[in-house]
Ligand SMILES: *Cc1c(COP(=O)(O)O)cnc(C)c1O
């Protein structure tokens, strides 16, 4: 039996370099509350992500929740069901009802053609997701938001370093959220960031992440604790130096997957859109079970028996969670494409240090499974 191959593996800084960073932190005796490491990371990320109005947080989910408060979102916010649980939950935790909008068959992102039908008196904003680093239809979404005076908050958790039409992804909309969880292309173990259109929004979010405290220690509104600590920031500072290399390695592996999986009936790779600078966060395939001869779930199981751990991502849809499925917008007949996509996608192992020989073996197994089925 081969060693297990997991769907992802975190990038790690050199242990020696991490020790040097820890020595600096030990000398400073400041572990949290916006110390030198966090300040440095904020500056470097502002430059890397192309937006001076940027703040870092303890994780992406608290960043999303703080973004909801910063934009005064309430009532209903339109979002996508084809996302990680955190997107819908951040709304629910802020007392906002998520309204699910169907997605596009090709990009898996929120389909702006359905937006207007979902807008009610209660709607205050739109929370689309740049799914698998593929930007959603920003132009169309922004136009509708402007027409109906709605705020836009983009979940860019997957889109670190992505550019759309030559512009950094975090420069669109009122706020964009990045996640720096260990499973993401760039990470700080746990962590996240918000990039803002307006410096006043950054100021408010910075206050909200620190219990609502103003500079003069007065409190004008209830905040929370969303602070990133110095050790997280140190990991980020080191990984920021190698993230371009990480993305480059992933590109090579994705290209290899693409070559080796082409011509397998019923398997389609989801590739980055043209006109973007991609970041290759996941290797996503879609399975047409009739052509392939096996369902997505069966392929997932077959791979697992061979010690290859893929991931059904995103499955189940947020709209099918027990806590949301009774919402009117969650019904299957409103979300046919999202349901179809969630039942047919699979994320294959992808991380910078994955060996090319492992990619070859994974593809070989998929091809063999497919052949066996075609004969039967
Ligand atoms: C990872 C992720 C989040 C949550 O980020 P955390 O940093 O893990 O809290 C939110 N949305 C999407 C789409 C994600 O993939």
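Checking 56, 38 one by one, the residue that is over 25 Å from residue 89 (Cβ atoms), crowded, with 19+ Cβ neighbours inside 10 Å and touching a residue at least 60 places away in the same chain (Cβ under 8 Å) is 38 and no other. Please work out if residue 9 is loosely packed, with under 14 Cβ neighbours inside 10 Å and either in contact (Cβ under 8 Å) with a residue 40 or more places away in the chain or farther than 18 Å from residue 203 by Cβ (or both). In short, no.
Which residues, taken from the stretch 253-277, are in contact (Cβ under 8 Å) with a residue 40 or more places away in the chain and in contact with a strand residue (DSSP E or B) (Cβ under 9 Å, 6 or more places away or on another chain)?
Residues satisfying the conditions are 253, 254, 257, 261, 266, 267, 270, 273, 275, 276, 277.
Within the stretch 168-195, the set of residues being in a loop (DSSP other than H, G, I, E, B), over 13 Å from the mean Cα position of the chain (by Cα) and within 18 Å of residue 83 (Cβ to Cβ) comprises 172, 173. For residues that are away from the ligand (no atom under 12 Å from the Cβ) and touching a strand residue (DSSP E or B) at 6+ places or on another chain (Cβ under 6 Å), scanning just the stretch 59-80, find the one that is nearest to residue 269 (Cα to Cα). If we take residues in the stretch 59-80 being away from the ligand (no atom under 12 Å from the Cβ) and touching a strand residue (DSSP E or B) at 6+ places or on another chain (Cβ under 6 Å), then 78 is nearest to residue 269 (Cα to Cα).
Suppose we filter 283, 318 for residues that are in contact with a helix residue (DSSP H, G or I) (Cβ under 6 Å, 6 or more places away or on another chain), surrounded by 19 or more Cβ atoms within 10 Å (Cβ to Cβ), more than 30 Å from residue 41 (Cα to Cα) and in contact (Cβ under 8 Å) with a residue 12 or more places away in the chain; which single one remains? Let's see the steps before the verdict.
Details: 283 fails: more than 30 Å from residue 41 (Cα to Cα).
So the residue among 283, 318 that is in contact with a helix residue (DSSP H, G or I) (Cβ under 6 Å, 6 or more places away or on another chain), surrounded by 19 or more Cβ atoms within 10 Å (Cβ to Cβ), more than 30 Å from residue 41 (Cα to Cα) and in contact (Cβ under 8 Å) with a residue 12 or more places away in the chain is 318.
Among the residues making up the stretch 123-145, those that are assigned to a helix (DSSP H, G or I) and in contact (Cβ under 8 Å) with a residue 12 or more places away in the chain are 131, 132, 133, 138, 140, 141, 142, 144, 145. Once the stretch 72-103 is narrowed to residues that are surrounded by 21 or more Cβ atoms within 10 Å (Cβ to Cβ) and assigned to a loop (DSSP other than H, G, I, E, B), the residue that is nearest to the chain's Cα centre (by Cα) is 83. Taking the stretch 140-158 as the range and being more than 15 Å from the ligand (Cβ to nearest atom) and within 30 Å of residue 191 (Cβ to Cβ) as the test, the residues that pass are 141, 142, 145, 150, 151, 152. Residues in the stretch 28-49 that are assigned to a loop (DSSP other than H, G, I, E, B), away from the ligand (no atom under 16 Å from the Cβ) and touching a helix residue (DSSP H, G or I) at 6+ places or on another chain (Cβ under 6 Å): 31, 35. Each residue in the stretch 328-361 was checked for being outside any helix (DSSP H, G or I), in contact (Cβ under 8 Å) with a residue 60 or more places away in the chain and touching a helix residue (DSSP H, G or I) at 6+ places or on another chain (Cβ under 8 Å), and 10 pass. Does residue 25 meet the test of being modelled with pLDDT of 95 or more and away from the ligand (no atom under 16 Å from the Cβ)? So residue 25 passes the test.
In summary, residue 17 fulfils each of the numbered conditions (1) surrounded by 23 or more Cβ atoms within 10 Å (Cβ to Cβ); (2) part of a helix (DSSP H, G or I) with the single exception of condition (1).
The values are calculated or read from the model by the stated rules, or taken from the named source; none is laboratory data. Because the structure is predicted, anything quoted here is derived from the model rather than measured. When we count neighbours, we look across all protein chains shown, and the Cβ atoms used for this are built from the backbone with ideal geometry, even at glycine.
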